[in-house]
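This report concerns only the one structure given below.
The values are calculated or read from the model by the stated rules, or taken from the named source; none is laboratory data. What you see is a predicted model, and the numbers here were worked out from it, not measured in a lab. Here the Cβ is made from the backbone with ideal geometry for all residues, glycine too, and neighbour counts use every protein chain on show. Just the protein is used for accessible areas: all its heavy atoms, side chains included, with ligands, DNA and RNA removed. Shrake-Rupley method; radii C 1.70, N 1.55, O 1.52, S 1.80 Å.
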Amino acid sequence: VRLEEQIRLETIGTGGIDLLASSSGFRLGLNHGKEGKLGFSVAGKGEYTVNTTVPRGEWVHIAYVAFKPPKKRVAVYMNGRLIGYEDGVRCSLPMDKIGSASHCVQGFIQEVRYWATQRSKQELRSFRNQLLPENATQEGLLGWWTFEEGEGRSAFDGTDQRSQSKIAGRGTHWVTADDLGVPAPT
């Protein structure tokens, strides 16, 4: 199972976790604290941080891979490169919220992709800054949120499933390409 996000971070304060997405038992986020590291947490298991700082002021593609049983591993990729993993961890996807009411990402999320299949490093590199092909659902795409709604408190995925995800976070608002001042990657 793979969750991919295309994000651009702005200035981030210190302390706490900025959540990218979450479910009842799993949180994906920035364990920024003093060091600005990327990480995740699993309810009842702990907090895990990979030894990578997420750059500010540029678009970054992040992919979390939760390997299917019997293997217990969560791997984290940034811009198509494996940056860390944690063995002995199992997580439950999909995410039911984008963002968090109490731990908002101080930046932009351009899109979220949720896959039922493991994507190779080459696939991550090839498609991170491109629109997906029309047959992506046949390749294992379960959800694709492009945030083109422009208003409201929910985002809808572009697959045939049309899943609705709550957008959480005080101060969260929709922005346009003009608001960003720089072009988005896709």
Would you check which residues across segment 133-155 are at pLDDT below 85 and open to solvent by less than 30 Å² (accessible area, probe 1.4 Å) and list them?
Gly143, Trp145, Ser154, Ala155
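Give the residues of segment 76-92 that are hydrophobic (A, V, I, L, M, F, W, C) and at pLDDT 85 or above, sorted by residue number. Explain how you work it out, then say what you get.
Within segment 76-92, the subset hydrophobic (A, V, I, L, M, F, W, C) is 76, 78, 82-83, 89, 91.
If the condition is that a residue be hydrophobic (A, V, I, L, M, F, W, C) and at pLDDT 85 or above, then Val76, Met78, Leu82, Ile83 are the ones that fit.
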Could you please find all residues in segment 122-169 being touching an Asp or Glu at 6+ places or on another chain (Cβ under 8 Å), more than 26 Å from Leu82 (Cα to Cα), of a type in the set (Ser, Thr, Tyr) and in a loop (DSSP other than H, G, I, E, B)?
Ser163
So, in segment 44-93, of the ones that are β-branched (Val, Ile, Thr) and open to solvent by 30 Å² or more (accessible area, probe 1.4 Å), which residue ends up nearest to Gly107 (Cα to Cα)?
Thr53
For residues in segment 1-19 being charged (D, E, K, R) and open to solvent by less than 40 Å² (accessible area, probe 1.4 Å), which is modelled with the highest pLDDT?
Asp18
Within the group Ser22, Ser41, which residue is at pLDDT 75 or above and among the hydroxyl-bearing types (Ser, Thr, Tyr)?
Ser41
Scan segment 96-116 for residues that are of a type in the set (Ser, Thr, Tyr) and either at pLDDT 85 or above or open to solvent by 30 Å² or more (accessible area, probe 1.4 Å) (or both) and jot them down.
Ser102
Conditions first: (1) surrounded by 18 or more Cβ atoms within 10 Å (Cβ to Cβ); (2) at pLDDT 80 or above; (3) not in a strand (DSSP E or B). Arg119 passes all but one, so which condition is the exception?
(2)
